[in-house]
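Bear in mind these aren't lab numbers, they're just calculated from the coordinates by the rules spelled out. A quick note: this is a predicted structure, and the numbers were derived from the prediction, not measured. Please note: Cβ atoms are built from the backbone with ideal geometry, for glycine as well, and neighbour counts cover all protein chains shown.
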Ligand code: SF4
């Protein structure tokens, strides 16, 4: 099953992912970093599209 992963070194905290897919991501405004909250929900949500929303390509889909 594929899982969403955010590379927090790459994340610039723009918030786009959390705004468009609040069921998958959460933005920590103090840190200015987004986190995956339900990376295993691919299927219920379109994770490829969700990963594609990141302007710096910090979101990837990993097999696992
Ligand atoms: S869209 Fe990308 S850069 Fe923006 S908050 Fe999400 S992971 Fe970070």
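Computing FRET efficiency as 1/(1 + (r/R0)^6) for residue 56 and residue 1, where r is the C-beta to C-beta distance and R0 is 35 Å, gives about 0.90. Using only the C-alpha atoms, the convex hull of the chain corresponds to 69 Å³ per residue. FRET efficiency for the residue 10 to residue 63 pair, using the beta carbon distance and R₀ = 22 Å, is estimated at 0.65. Using the rule -39500 (n - 2.57) for each DSSP H run of four or more residues, divided by the residues of the chain, the 222 nm mean residue ellipticity is -3500 deg cm²/dmol.
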